[in-house]
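S.K.: One structure, pasted below without further comment.
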Amino acid sequence: MTIGGQNIKGSPFSFVASRNYSNLNRSNRFINVNGCPRGVAFSSNHHWVATDTTNHCVYIFNEQDQMVGKIGNRGTGQFNGPRGVSFDDDKILYITDGDNSRVQKFDLTGHYILQFGRLGSNDKELNGPVGITAHHNKVYIADRRNHRISVYQTDGTYCFSFGSYGNGSGQFQYPWDVAATPDNTVLVADSEGHCIQLFQLDGTFIHKFGTFGSDKGQMNFPSSIAVDPNGFILVTEFNNHRVSIFNKNCDYIHSFGSYGTGSNQFENPCGIAISPNGSVYISDRGNKRIAIY
């Protein structure tokens, strides 16, 4: 059995424990950010990071949620509007430097390693990248203004891209985030298509779910995605000011949150991550805080 990333001995059977997401109704605490928090991501050693587009930096926190470092500001090798963030299996950090239309790579101490991508619409080019996920030695990037997902190797070598502008299967209207599931499915938050689209690792379209609206299972500007080890899908909805939860079969389970400043309220949530111990961290952009459930 695996709980919070730890193997528990004593049973001949193996399974991964998961939270009951249907009872997430109240944050147990907040971390205030004097800026505009966006992306959130956890490393395998429980350290985590959050991007801040107002202050053009990335905050580093330890497993006690204490800030222990900061990466960047404006300038060369730094940031202009950092948004998405992801760790690979080696605890290396990838950050979409949105307004510079590139990705930068750092270690957890904040040491700069490399950058890749440049402004444009051709291969190897990006335009306003937002969400990012590192998976199986590749990096999948929500290339927002190019309406596609761009894929690179972790050393910055361009691989391929998939998607184009439109509302058909495999097309996007400003993709805002990308995530990968334990069974190697790529999920894309199609923000103005108001749906989540599923793909194979090579970009082959599988399925999509969600329609525009505020009823159960509907979406209004899905802005970020997190997937737990059992395949449960958590989606922040920027304009519905809530989080919606689906199982691995894409069936709606539960949603929580509404507009406001209270303990179960958000203003334009736009980042979400699940910690190794199962806690859910939500970037509550308008309220300038990270909410922890």
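S.K.: Assess whether I95 counts as being free of Cβ contacts under 8 Å to residues at least 24 places away in the same chain, hydrophobic (A, V, I, L, M, F, W, C), part of a strand (DSSP E or B) and surrounded by 13 or more Cβ atoms within 10 Å (Cβ to Cβ). So that I can check it myself, show each step before the final result.
M.R.: Numbers: free of Cβ contacts under 8 Å to residues at least 24 places away in the same chain: no; hydrophobic (A, V, I, L, M, F, W, C): yes; part of a strand (DSSP E or B): yes; surrounded by 13 or more Cβ atoms within 10 Å (Cβ to Cβ): yes.
Answer is no for this residue.
S.K.: Within the range 185-225, can you find the residues that are aromatic (F, W, Y) and not in a loop (DSSP other than H, G, I, E, B)?
M.R.: Here is the first cut: in the range 185-225, the residues aromatic (F, W, Y) are 199, 205, 209, 212, 221.
Result: F199, F205, F209, F212.
S.K.: Here are some conditions: (1) within 20 Å of G98 (Cα to Cα); (2) over 19 Å from the mean Cα position of the chain (by Cα). H147 meets all but one. Which one does it not meet?
M.R.: Here H147 clears every test but (2).
S.K.: Quick check, is G35 open to solvent by less than 30 Å² (accessible area, probe 1.4 Å), in a loop (DSSP other than H, G, I, E, B) and either touching a residue at least 12 places away in the same chain (Cβ under 8 Å) or closer than 21 Å to D284 by Cα (or both)?
M.R.: yes
S.K.: While we're here: Which residue, of V280, V235, is buried (at least 24 other Cβ atoms within 10 Å of the Cβ), within 16 Å of the chain's Cα centre (by Cα) and at pLDDT 95 or above? Quick ask: steps written out before the conclusion?
M.R.: Details: V280 fails: buried (at least 24 other Cβ atoms within 10 Å of the Cβ).
The unique qualifying residue is V235.
S.K.: Continuing with this model, one more query. Quick test of your reading of the structure: D90 fulfils all but one of (1) outside any strand (DSSP E or B); (2) surrounded by 14 or more Cβ atoms within 10 Å (Cβ to Cβ). Name the failing condition by number.
M.R.: Failed condition: (2).
S.K.: Additional query: Among all residue pairs at least 6 apart or on different chains, which show Cβ distances below 8 Å where the first residue, located in the range 43-68, is hydroxyl-bearing (S, T, Y) and the second is open to solvent by less than 20 Å² (accessible area, probe 1.4 Å) and not in a strand (DSSP E or B)?
M.R.: Listed by first residue and then by second, the contacts come to T53/G35; T53/C36; T53/G81; T53/G98; T54/G35; T54/C36; Y59/V33.
S.K.: Looking at the structure I just gave you, is C250 open to solvent by less than 40 Å² (accessible area, probe 1.4 Å), farther than 14 Å from A179 by Cβ and in contact (Cβ under 8 Å) with a residue 24 or more places away in the chain?
M.R.: Details: open to solvent by less than 40 Å² (accessible area, probe 1.4 Å): yes; farther than 14 Å from A179 by Cβ: no; in contact (Cβ under 8 Å) with a residue 24 or more places away in the chain: yes.
No.
S.K.: Give the number of residues within the range 171-184 that are part of a loop (DSSP other than H, G, I, E, B) and either open to solvent by 20 Å² or more (accessible area, probe 1.4 Å) or modelled with pLDDT under 95 (or both). Break it down into steps so the answer makes sense when it comes.
M.R.: Filtering the range 171-184 down to residues part of a loop (DSSP other than H, G, I, E, B) leaves 171, 173-174, 181-184.
Retained after the next criterion (residues that are either open to solvent by 20 Å² or more (accessible area, probe 1.4 Å) or modelled with pLDDT under 95 (or both)): 171, 173-174, 182-184.
The qualifying residues number 6.
S.K.: Filter the range 42-59 down to residues that are part of a strand (DSSP E or B) and open to solvent by less than 10 Å² (accessible area, probe 1.4 Å) and give me whichever is farthest from R102 (Cα to Cα).
M.R.: Let us first name the residues in the range 42-59 that are part of a strand (DSSP E or B), namely 42, 48-52, 57-59.
From the residues that got through so far, the ones that are open to solvent by less than 10 Å² (accessible area, probe 1.4 Å) too are 48-52, 57-58.
Working: W48: 21, V49: 19, A50: 18, T51: 15, D52: 16, C57: 15, V58: 15 Å.
So the residue we want is W48.
S.K.: Would you pick out the residues in the range 114-161 that are touching a strand residue (DSSP E or B) at 6+ places or on another chain (Cβ under 7 Å) and more than 19 Å from G84 (Cα to Cα)?
M.R.: Within the range 114-161, D123, C159, F160 meet the criteria.
S.K.: Is it true that some residue in the range 188-211 is surrounded by fewer than 15 Cβ atoms within 10 Å (Cβ to Cβ), under 30 Å from S258 (Cα atoms) and free of Cβ contacts under 8 Å to residues at least 40 places away in the same chain? I'd like the intermediate steps shown before the answer.
M.R.: Our first condition is that a residue be surrounded by fewer than 15 Cβ atoms within 10 Å (Cβ to Cβ); within the range 188-211, this holds for 200-202, 204, 206-207, 211.
From what's left, under 30 Å from S258 (Cα atoms): 207, 211.
Those left that are additionally free of Cβ contacts under 8 Å to residues at least 40 places away in the same chain: 211.
Yes, the range 188-211 contains at least one residue that is surrounded by fewer than 15 Cβ atoms within 10 Å (Cβ to Cβ), under 30 Å from S258 (Cα atoms) and free of Cβ contacts under 8 Å to residues at least 40 places away in the same chain.
S.K.: Within the set of pairs 6+ apart or on separate chains, which have a first residue in the range 212-223 that is within 14 Å of Q197 (Cα to Cα), a second that is open to solvent by 10 Å² or more (accessible area, probe 1.4 Å) and acidic (D, E), and C-beta atoms under 8 Å apart?
M.R.: F221/E192; P222/D177; S223/D177
S.K.: Can you tell which of S275, S263 is open to solvent by less than 30 Å² (accessible area, probe 1.4 Å), more than 27 Å from S150 (Cβ to Cβ) and not aromatic (F, W, Y)?
M.R.: Only one candidate qualifies: S275.
S.K.: Within the range 153-204, work out how many residues are closer than 24 Å to D215 by Cβ and among the hydrophobic types (A, V, I, L, M, F, W, C).
M.R.: 9
The values are calculated or read from the model by the stated rules, or taken from the named source; none is laboratory data. Predicted model only: the values in this text are computed from it and were never measured. In this analysis, Cβ positions are derived from the backbone assuming ideal geometry, glycine residues included, and neighbour counts consider all displayed protein chains. All accessible areas refer to the heavy atoms of the entire protein, side chains included, with ligands and DNA or RNA removed. Shrake-Rupley method; radii C 1.70, N 1.55, O 1.52, S 1.80 Å.
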